[in-house]
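The values are calculated or read from the model by the stated rules, or taken from the named source; none is laboratory data. Being a predicted model, the structure only gives us computed values, none of them experimental. Methodologically, a virtual Cβ is constructed for each residue, glycine included, from the backbone with ideal geometry; neighbour enumeration extends over all protein chains shown. Note: accessible area is taken over every heavy atom of the protein model, side chains too, but ligands, DNA and RNA are not part of it. Shrake-Rupley method; radii C 1.70, N 1.55, O 1.52, S 1.80 Å.
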Amino acid sequence: MNVSKYYDLDAIAGEVAAGKHRETVGGDWDEIGMLQFEYLVEKTLQPVHRLLDIGCGCLRGGVHFIRYLDPANYFGIDVNQSLLDAGYNVELAQAGLQDRLPRENLVCSGEFEFEKFGTKFDFAIAQSLFTHLPLNHIRHCLTNLASVMEVGGMFFATFFELPSSASIAAPFTHFPGNIITHGDADQYHYWLMDMSHAAARLPWRIRIGSGWDHPRGQKMLLFTRINEE
Ligand SMILES: C[S@@+](CC[C@H](N)C(=O)[O-])C[C@H]1O[C@@H](n2cnc3c(N)ncnc32)[C@H](O)[C@@H]1O
């Protein structure tokens, strides 16, 4: 069995070919797209900033970021080429935004190969990515991301938080949304200290992001890139 449902590339491509790319990334297209966009703008994202969207899918948030940022300042990476293609060919085309995004700003990789963009970033976001990843993949992401973030840059990542009193092994139900998460299967839950552990020895300061109100109970983490010791 795949550790993440998104690693079954053929199954995802089949859903996308059936015209279901919005559902494949979780649905609630307008609400969750706008939620992440408004959140980053409130956290001081400006058009001149370069933004990396990790696990960008078919651009649910990307459509809004691409409209707002200066042309070519949005960068997206995703393990599923089919979702990237739906984002560019369907969603950006419908929104009339393709001319604001060079096609090479969308990279297909599941290995967190951020150096492929050949630039550094002021902001990064992973909306509903860590919820689908085992802890070692999250650590891999944080390690590679630290190399491409400007000092002072901010990385916002959502996760399903497990109360410190709850067992990691037992399923846990989150509110609102009634999503059931697991310690060892997609969708994953973590204690906050698991996230600190994943960032250990890396140049990140980590805290809970304020003011995030997700319809399915995901919490927001803020990783700020600090100077190397
Ligand atoms: C729930 S969807 C969210 C997509 C997008 N962030 C949004 O809000 O619409 C999770 C996305 O993460 C992508 N993903 C999963 N594992 C990944 C990995 N290791 N590297 C890059 N993308 C990954 C999936 O293909 C999928 O597009």
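Numbers for the structure displayed
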read-out	value
Of all residues in region 140-165 being free of Cβ contacts under 8 Å to residues at least 60 places away in the same chain and not in a strand (DSSP E or B), the one that is farthest from the chain's Cα centre (by Cα)	S165
Residues (among the hydrophobic types (A, V, I, L, M, F, W, C), under 22 Å from S167 (Cα atoms) and open to solvent by 50 Å² or more (accessible area, probe 1.4 Å)) located in region 186-220	W191, L192, M193, I208
Lone qualifier among E104, E115 - being farther than 19 Å from G26 by Cβ, over 14 Å from the mean Cα position of the chain (by Cα), part of a helix (DSSP H, G or I) and away from the ligand (no atom under 16 Å from the Cβ)	E104
Lone unmet requirement of (1) under 18 Å from Y7 (Cα atoms); (2) open to solvent by 10 Å² or more (accessible area, probe 1.4 Å) for T173	(1)
Those residues of region 61-76 which are near the ligand (Cβ under 10 Å from one of its atoms) and touching a residue at least 40 places away in the same chain (Cβ under 8 Å), in sequence order	G61
Residues that are surrounded by 15 or more Cβ atoms within 10 Å (Cβ to Cβ) and closer than 16 Å to S128 by Cβ, drawn from region 4-14	S4, Y6, Y7, I12
Region 46-59, subset under 16 Å from the mean Cα position of the chain (by Cα) and more than 10 Å from the ligand (Cβ to nearest atom), residue nearest to H137 (Cα to Cα)	L52
Cβ pairs under 6 Å, 6+ apart, first in region 96-120 and within 18 Å of V79 (Cβ to Cβ) and at pLDDT 95 or above, second more than 10 Å from the ligand (Cβ to nearest atom) and open to solvent by 50 Å² or more (accessible area, probe 1.4 Å)	V107/K116
Matching option when the condition is over 14 Å from the mean Cα position of the chain (by Cα) and within 20 Å of E23 (Cα to Cα), among I179, I168	I179
Search result, residues across region 67-119 that are open to solvent by 40 Å² or more (accessible area, probe 1.4 Å) and closer than 21 Å to K5 by Cβ	Q81, D85, C108, E111
